[in-house]
Amino acid sequence: MPREVIDRPNPPPLPSHLPDDILKLAAQPAVKPLPKDVCEALRGFQRASCYIAAAMIFLRDNVLLESPLELEHVKPRLLGHWGTCPGIILIWSHLNLLIRKYDLSMMIVIGPGHGAPAALAALWLEGSLEKFYPGEYDRNRDGLRNLISRFSVPGGLPRCINTPSSRLS
């Protein structure tokens, strides 16, 4: 609380001013599990996106790990925030599921720069980057190599999201 002096680590919480039966007012939607094939597709998209996002931050060469990883394959200056990537990818994948299932128009808002590897990985996997950069970021080996090795270097996609379909804060 304002101006409260904390005289010991982890003090007990202050008493709640909410009524004891407040939880009775909570929405309790029926839980309906996703079909197994949908869960597997979501997890596959998430794993692939997380790999691509991590590779964009850390790798400059050998992006498909076709040979043993060596120090010269790692970027000398790491740019990007890995900690934000898995959460953004989790939300992105589930929003994509809702968009496709219900034919929605939707915009995801991500803080400037922090989620670029996650957003770009998802955009590449869903084929959106290929539409704006044909021949450069196609959904093939060369497009993936370009996406990963050119991330945040001159001539490549920047570490702050700045694709034609993005809105900047």
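None of the figures in this text is laboratory data; all of them are computed from the coordinates on show. Source: prediction; values computed, not measured. Glycine also receives a Cβ, built like all others from the backbone with ideal geometry; neighbour counts cover every protein chain displayed.
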Quiz item: Across segment 2-61, which residue is surrounded by the fewest Cβ atoms within 10 Å (Cβ to Cβ) among those that are polar (S, T, N, Q) and closer than 30 Å to residue 119 by Cα?
Solution: 46
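Matching residues to (1) touching a Leu at 6+ places or on another chain (Cβ under 6 Å); (2) part of a helix (DSSP H, G or I); (3) among the basic types (Lys, Arg); (4) closer than 30 Å to residue 96 by Cα:
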| residue | (1), (2), (3), (4) |
| --- | --- |
| 5 | no, no, no, no |
| 9 | no, no, no, no |
| 12 | no, no, no, no |
| 15 | no, no, no, no |
| 20 | no, no, no, no |
| 31 | no, no, no, yes |
| 44 | no, yes, no, yes |
Quiz item: Does any residue of segment 126-140 turn out to be part of a loop (DSSP other than H, G, I, E, B), among the aromatic types (Phe, Trp, Tyr) and either under 20 Å from residue 46 (Cβ atoms) or in contact with a Leu (Cβ under 9 Å, 6 or more places away or on another chain) (or both)?
Solution: yes
Quiz item: For residue 109, are the conditions met, namely being touching a residue at least 12 places away in the same chain (Cβ under 8 Å), part of a helix (DSSP H, G or I) and either out of contact with any Pro (no Cβ under 8 Å at 6 or more places or on another chain) or basic (Lys, Arg) (or both)?
Solution: no
